[in-house]
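Worksheet: one structure, shown below.
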Amino acid sequence: MIPASWSLLLSAVVFTIGVIGVLVRRNAIVIFMSVELMLNSGNLAFVAFARQLNSLDGQVFVFFVMTVAAAEVAVGLAIIVNLFRLRESVFVDEINLLKG
Amino acid sequence: MSGVPFLLPVDWWALGAVIALSGGAMALLLLEFLPHGPESNRAALVSLVTLLAAGASVFVVRDSRRALFDGMFVHDGITVFFTFLFCAIGILSVLLSWDYVKRTRINRTEYYALLLSSTLGMVIMAGSNDLITVFLGLELMSLALYVLVGFRRSHLESNEASLKYFLLGAFASGFLLYGIALLYGATGTTNLQKMTAVMSDSPMLENPLFVVGALLLVVGLGFKVSAVPFHMWTPDAYEGAPTSVTAFMSAGAKAAGFAALVRVGLSTLGAVRTDWVPVLSAIAILTMTVGNVTALLQNNVKRMLAYSSIAHAGYVLVAIVAGGRDGASAALFYLAVYSLMNLGAFGILTLLGRGTEERVLVSDLAGLGFRHPGLGIAMTVFMLALGGIPPTAGFMAKVYVFGVALKAGLVPLVIIGVLNSVVSVFYYLRITVAMYMEEPQAEPTHVSWAVPGALAVLAAVALTLWWGVQAHALLDQAQRSVLGGM
């Protein structure tokens with residue numbers, strides 16, 4: 001059996017990749033994908049802990065999080081598509097009307 | 001037990017506000033099938049009734065204490081206080097939106113449906129006793145707000161604000177969720193009470209999972225209340241959003257974030273309070289200082305109020321650092337007063353301009369005080385209240401917060417807080433000076449008078465002054481709410 005610590009390590013790595021992705025990428029859609037990586041690393045950690053602690057709670061929470069993530073995709077892509085219609089760009093550096 | 005009961009044994013009255021708000025939001029979406037004109041008041045009326053019903057249903061059970069759904073949702077003093085607050089914020093926002101959305105041609109049923117869903121999310125956050133419920137409430141509130149911020153679909157600023165708010169908000173949600181997962185791993189539960197019990201049995205500060213998890217939790221919630229250094233989205237989102245939405249989110253989203261922080265602070269983190277004081281103090285000092293100093297440089301009133309709302313988050317954080325029941329009740333008091341002042345100030349901005357134009361620069365306010373005395377006096381009251389000048393409620397709120405902090409021995413924090421209040425008076429008075437002592441350079445700003453909006457502003461002025469004189473009534477309420485916590 002794969003020890004729980006391996007899954008936790010993987011979740012930490014995926015989380016870090018997500019954070020770095022959000023910080024260094026400039027394409028709104030790629031940033032958004034990195035955010036999804038962060039949420040999924042949370043899910044993985046929940047499952048790993050649930051297994052380690054022998055409790056079902058963590059596994060149930062994953063369903064909640066997946067639902068939330070799906071709703072977030074719907075809203076996020078709608079926002080990005082709408083902005084693309086107006087600007088024909090999804091690069092966050094070019095989206096700079098508001099500042100001060 | 002014979003078979004599975006069809007209905008869970010739940011006290012439905014304690015869930016009254018949640019049921020009313022979800023019902024109202026769904027009813028609005030169904031109503032969309034019946035045709036109506038662009039000037040229709042139907043959606044606004046339905047949401048007003050829904051919010052009143054939600055408030056009334058909480059009023060019926062205001063003294064009962066319940067834990068629902070296996071302790072995931074609690075109905076206690078804090079829930080009741082915040083539910084009232086969110087319903088009031090919702091009602092004032094609906095009144096402010098009434099004519100504003102018609103004027104800016106965004107009078108759609110979904111606008112109000114999203115407003116109700118967002119309020120629902122806030123209520124769930126305030127009543128949640130489990131980190132997963134906090135997460136769900138927070139996402140429900142935020143997802144609705146992301147759309148509301150971008151509601152002027154053909155307007156580039158609105159879209160840009162929405163995208164920035166969304167990307168940074170989702171980023172913060174990721175931190176929050178991972179923090180919750182780590183706390184679950186460290187303590188074996190996500191229930192706040194059980195977590196506190198686990199921690200009193202075995203100290204957790206040696207456990208890196210717990211420390212990192214709690215830090216990530218603070219980051220996630222700090223983002224929602226726009227504490228520095230997680231505030232970058234605030235000015236952009238506030239400036240680009242339709243003004244009525246800015247009013248709603250500046251009051252509601254912040255109060256909801258703090259509701260969750262107060263709950264976590266009173267239970268779980270409260271048990272290891274001394275270890276969190278340095279971290280939260282640093283955040284509070286940064287938040288107050290950065291917010292106030294940057295606000296000095298702004299020419300757009302919406303942006304200035306956005307930075308001012310960051311600074312106000314810092315004052316509330318001072319109360320949370322002070323901790324305990326006193327700190328919590330001072331925070332509750334401050335949040336109620338802050339919501340009122342901010343709704344009022346943004347409410348006046350919703351009245352300015354003709355059609356879809358926005359007149360929200362400081363220079364647009366020039367001479368307004370003489371041409372529209374009522375508006376000038378109201379704006380002056382809100383500016384004095386935000387600056388913390390007596391006899392307004394803003395002054396009493398600051399007195400209580402700093403008093404509690406002094407009692408807790410946080411002298412440096414209080415000194416920095418008071419100095420910050422002095423700095424803040426400069427930019428608040430700049431608006432008053434513009435209104436009364438400057439002549440408009442170009443065409444004077446048109447005021448789109450509207451009865452519902454004016455009523456909301458009037459109510460905010462009256463309450464700001466009333467709570468300034470009769471502060472103890474509200475403070476008693478806040479203290480009883482906190483004592484009535486589990």
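Scanning region B:166-199 for residues that are within 21 Å of B:K254 (Cβ to Cβ), open to solvent by 10 Å² or more (accessible area, probe 1.4 Å) and either at the interface with chain A (Cβ under 7 Å from one of its Cβ atoms) or not in a helix (DSSP H, G or I) (or both) returns B:L167, B:F171.
The residues on offer are B:T287, B:T190, and the sole one that is under 26 Å from B:A478 (Cα atoms) and in contact (Cβ under 8 Å) with a residue 40 or more places away in the chain is B:T287.
Summed over region B:151-165, residues that are open to solvent by less than 10 Å² (accessible area, probe 1.4 Å) and either modelled with pLDDT under 90 or at the interface with chain A (Cβ under 8 Å from one of its Cβ atoms) (or both) total 5.
Please tell me if A:A4 is of a type outside the set (S, T, N, Q) and free of Cβ contacts under 8 Å to residues at least 12 places away in the same chain. When the stated conditions are applied, A:A4 does not pass them. Here A:L10 fulfils each of the conditions (1) in contact (Cβ under 8 Å) with a residue 12 or more places away in the chain; (2) at the interface with another protein chain (Cβ under 9 Å from one of its Cβ atoms); (3) aliphatic (A, V, I, L, M); (4) more than 24 Å from B:V134 (Cβ to Cβ) apart from (2).
Restricting attention to region A:81-100, the residues that are under 23 Å from the mean Cα position of the chain (by Cα), among the aliphatic types (A, V, I, L, M) and within 7 Å of another protein chain (Cβ to nearest Cβ) add up to 2. Are any of the residues in region B:436-450 modelled with pLDDT of 90 or more and surrounded by fewer than 15 Cβ atoms within 10 Å (Cβ to Cβ)? Checking region B:436-450: not a single residue is modelled with pLDDT of 90 or more and surrounded by fewer than 15 Cβ atoms within 10 Å (Cβ to Cβ). The sole residue among B:P242, B:P229 that is surrounded by fewer than 24 Cβ atoms within 10 Å (Cβ to Cβ) and of a type outside the set (A, V, I, L, M) is B:P229.
The single condition among (1) more than 10 Å from every other protein chain (Cβ to nearest Cβ); (2) on the phi < 0 side of the Ramachandran plot; (3) touching a residue at least 40 places away in the same chain (Cβ under 8 Å) that B:F84 does not satisfy is (3). Could you tell me whether region B:53-66 includes any residue that is out of contact with any helix residue (DSSP H, G or I) (no Cβ under 9 Å at 6 or more places or on another chain) and of a type in the set (K, R)? Within region B:53-66 (the criterion being out of contact with any helix residue (DSSP H, G or I) (no Cβ under 9 Å at 6 or more places or on another chain) and of a type in the set (K, R)), the answer is no, since none of the residues qualifies. Only one entry of B:L361, B:L297 meets the criterion of being touching a Gly at 6+ places or on another chain (Cβ under 8 Å) and open to solvent by 10 Å² or more (accessible area, probe 1.4 Å), and that entry is B:L297.
Within the set A:L77, A:L37, the sole residue that is at the interface with another protein chain (Cβ under 9 Å from one of its Cβ atoms) and open to solvent by 40 Å² or more (accessible area, probe 1.4 Å) turns out to be A:L37. Screening A:I31, A:I17 for residues that are within 13 Å of the chain's Cα centre (by Cα) and over 15 Å from B:S173 (Cα atoms) leaves exactly one candidate, A:I17.
Residues in region B:135-147 that are open to solvent by 10 Å² or more (accessible area, probe 1.4 Å) and over 15 Å from the mean Cα position of the chain (by Cα): B:L136, B:L143, B:V147.
The numbered conditions (1) open to solvent by 10 Å² or more (accessible area, probe 1.4 Å); (2) in contact (Cβ under 8 Å) with a residue 12 or more places away in the chain; (3) in a helix (DSSP H, G or I) are all true for B:P278 except (2). Only one of the listed residues (B:L375, B:L335) is surrounded by fewer than 24 Cβ atoms within 10 Å (Cβ to Cβ) and modelled with pLDDT of 90 or more. That residue is B:L375.
Put simply, of A:F61, A:F46 the only residue that is open to solvent by 10 Å² or more (accessible area, probe 1.4 Å), within 7 Å of chain B (Cβ to nearest Cβ) and touching a residue at least 12 places away in the same chain (Cβ under 8 Å) is A:F61.
The values are calculated or read from the model by the stated rules, or taken from the named source; none is laboratory data. Remember, it's a predicted structure, so these values are computed and weren't measured experimentally. All Cβ positions, even for glycine, are placed from backbone atoms using ideal geometry, and neighbour counts span all protein chains on display. Ligands, DNA and RNA are stripped out before the accessible areas are found, and what is left, the full protein with its side chains, is counted by its heavy atoms. Shrake-Rupley method; radii C 1.70, N 1.55, O 1.52, S 1.80 Å.
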